[in-house]
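Every read-out reported here was derived from the displayed coordinates using simple, explicitly stated rules and does not represent laboratory data. Being a predicted model, the structure only gives us computed values, none of them experimental. Every residue, glycine as well, gets a Cβ built from its backbone with ideal geometry; the counts of neighbours run over all protein chains shown.
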Amino acid sequence: MGQKCDSCGRAITGTPVRTPTRTLCEECGATFQGLAAGLIAGHDNVGQAIATEGWYQRLRKLRAAKREQR
Ligand SMILES: [Zn+2]
């Protein structure tokens, strides 16, 4: 207990996302991974990477909600 996200400072309630230097909550971890993926893919438009990640997070939440209803 008591683990905090190094990015937003909130207590981590889900699975912590570990990067080489930080421990992040699931939300920040997803954003970090989205940004990293965007940068690795060669997109230097970070705004586009964030927009894409936001869409992806919503899709993941929808899919998770559908799974729970079964
Ligand atoms: Zn966070």
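Summing charges over all other residues whose Cβ lies under 12 Å from the Cβ of Glu26, with Lys and Arg as +1 and Asp and Glu as -1, gives +3.
Taking packing as the residue-averaged number of other Cβ atoms within 10 angstrom, the listed peptides 25-37, 4-16 run from highest to lowest as 25-37, 4-16.
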